[in-house]
Amino acid sequence: MTGFLEPDVLVELGPRRFPSVISRLLLHLGFDDAWVVDGAGDGGADVVGERNGLRTVIQCKWKQDPGRAVPAAAVAEIARARKGYDADRAWVVTNAKFGASAVQKAGEFPFPVELVDGRRLAEWWDDAMFAAAIKRPDLYTYQSEALAAVTARIRASNRALVVMATGLGKTVVMGAFVSSFLIERPGARILVIAPTKALVEQLEKALWPFLDRSVETHCLTEGHHPDSIEGVACATIQAAQAYVQEGYSPDLVIIDEAHHIGGQNNLGTLLHDLSDTPQLGLTATPWRGDGYKLEEWFAVLAFTLSITDGMKLGYLADVDYRLFIDTIPWDEVRQQSGQSYSVRDLNTKLFLPQRDEKIRDELISIWNRTPSPRAIVFCQTISHAERMVRLLNRVPQFREVAIIHGELGLRERQQALLKFRKGVVRLIVAVDVLNEGIDVPDVNIVCFARVTHSRRIFVQQLGRGLRIAPGKGVVEVLDFVSDVRRVAAALAVRRELIGESEELYLAGNHRIEFVDQEVGDLMNEWIKDAAEIEDDDGGATLEFPGLDL
């Protein structure tokens with residue numbers, strides 16, 4: 001049987017892909033999770049894995065000639081890596097063999113270093129227990145329903161679209177469909193497209209539990225262009241285009257974050273070029289600012305489960321959502337009542353900037369009464385995020401605050417997320433990076449610190465806190481509103497949850513309310529006839545109510 005750990009395949013991989021294969025190996029060995037951290041600033045590590053609460057740090061030493069020995073110098077960095085990642089165990093892994101000097105060097109460390117060579121990898125490959133050890137997620141009832149719907153639509157029309165809110169496991173549905181497709185069509189080539197390199201790498205990893213070990217996987221991104229693509233290829237749009245133009249012809253195309261599809265953009269062009277190939281699109285947020293409807297390509301929605309339906313059914317965490325709008329200039333409201341304003345005008349007149357200190361104080365308050373707090377603070381800009389980090393780092397309860405944004409290198413972001421998962425860092429400040437694809441189930445506090453409104457981003461960011469995790473109770477949401485459309489979006493969620501009821505306490509333990517009830521009365525009055533305001537571009541003119549304040 002050939003597959004991802006077969007010796008000839010390892011030689012063909014090259015040094016950049018070898019750590020990814022070792023990461024997949026760890027999942028087959030029963031590890032709970034594994035991350036590739038190889039790259040500039042990796043601290044001497046290539047892969048980090050966790051099993052039963054213990055962390056293993058791994059150096060990977062690929063050799064084009066498996067007969068060559070790995071020298072002692074290649075083992076020397078493992079001590080720095082173990083310390084840098086706060087690891088309990090250390091491995092050095094090669095597809096070749098270790099020389100006597102490397103074995104001697106490994107024995108000189110004051111902690112055990114396991115040397116895994118090509119022969120050991122081959123032994124694992126031949127072990128029946130190895131093939132069975134990987135953990136495949138069980139499907140919830142609604143995920144099984146989604147899988148059945150997708151299968152039926154693909155068979156009927158070669159197209160299927162799934163819309164599932166963040167936290168409900170659309171990637172699980174994707175993996176289950178890939179598995180069933182390969183059972184029906186062994187040897188099929190599957191192309192999975194995502195908008196960013198980080199998401200491509202994450203999707204490859206997410207699909208491993210659903211794949212037989214004989215199925216190869218590839219990442220097609222900038223800097224990695226394998227000559228041969230069999231099995232499952234996860235690719236950015238640009239990389240996929242290049243391969244299709246060179247003659248690559250997949251048997252199935254899957255589009256993650258399918259809201260990026262547009263009639264004239266690169267993704268739309270690529271899908272048109274592959275129009276005869278079965279295509280599955282998945283997204284949590286189907287709305288687009290340019291008005292393009294995904295149904296124009298997929299025709300029929302195969303399955304949908306909204307954020308509110310997920311909350312009602314108990315598949316998402318309970319929510320205590322509070323909107324902070326305590327800077328409204330009431331004198332201005334009295335003077336201007338009864339007049340018409342655009343959304344932009346209202347935002348300017350109603351929402352004065354919240355002081356960062358106010359945000360900090362509310363975070364401290366909720367932190368002190370939340371069991372095992374783990375928080376994300378979303379900021380609009382990098383400069384604001386950096387100011388928030390400096391302010392929050394002065395709070396003893398937070399211990400250490402990390403920051404994640406698009407200008408950081410991938411290794412820095414991975415380091416921050418590893419610390420966050422481990423609990424070394426319990427509060428992270430983010431700008432956009434955590435919107436799509438990042439899974440941190442333990443988050444139980446979400447803070448929106450003056451972020452601008454986008455319906456899509458609102459649902460994505462809120463979803464970061466809605467995933468269910470062991471020991472997790474209610475997720476606390478603090479929204480320091482700076483846009484009336486944000487209020488409309490939160491109230492729309494509340495309306496869907498409670499129906500016609502006026503009660504603030506909703507089905508389950510969900511609650512969405514204003515901290516200042518007077519403000520809440522004003523906003524309810526103003527927004528009740530503007531159901532679609534959260535999708536507006538800011539130019540709509542609405543009547544500002546005349547109220548006796």
Can you list which of the trypsin sites (Lys or Arg not before Pro) found in region 21-129 are DSSP loop residues with at most 14 other C-beta atoms within 10 Å? ARG68
Calculated FRET value between LEU391 and ARG189, using beta carbons and R₀ = 45 Å, to 0.05: 0.30
Please state the shape class of region 115-216: rounded when a/c is under 1.5, otherwise prolate if a/b exceeds b/c and oblate if not, all from the C-alpha gyration tensor. prolate
Summing +1 per Lys or Arg and -1 per Asp or Glu among the other residues with Cβ less than 12 Å from PHE303's Cβ gives 0
Amide H within-cut-off set for ALA96, under 5 Å, with H built and near neighbours excluded: LYS63, GLY118
In terms of Cα to Cα distance under 20 Å, which lysines are near enough to LYS61, apart from those fewer than 8 places away along the same chain? LYS83, LYS97, LYS105
What FRET efficiency would be calculated for the residue pair ASP65, THR269, taking the C-beta separation as r and a Förster radius of 41 Å, to the nearest 0.05? 0.45
Which whole-Hz ³J(HN,Hα) couplings does region 69-74 yield from phi under the Karplus relation 6.51 cos²θ - 1.76 cosθ + 1.60, θ = phi - 60°, glycine and proline marked x? 8, 7, x, 4, 4, 6
Which of rounded, prolate, oblate describes region 1-125, given a ≥ b ≥ c as roots of the alpha-carbon gyration tensor eigenvalues and a/c under 1.5 marking rounded, otherwise prolate only if a/b is larger than b/c? oblate
Need one word for region 141-305: rounded, prolate or oblate. Basis is the Cα gyration tensor (sqrt eigenvalues a ≥ b ≥ c); a/c below 1.5 gives rounded, then a/b vs b/c decides. rounded
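Just so you know, all these numbers are worked out from the coordinates, no wet-lab data involved. Remember, predicted model here, so these are calculated numbers, not experimental data. Note that each Cβ is placed from the backbone with ideal geometry, even for glycine, and that neighbours are counted across all protein chains shown.
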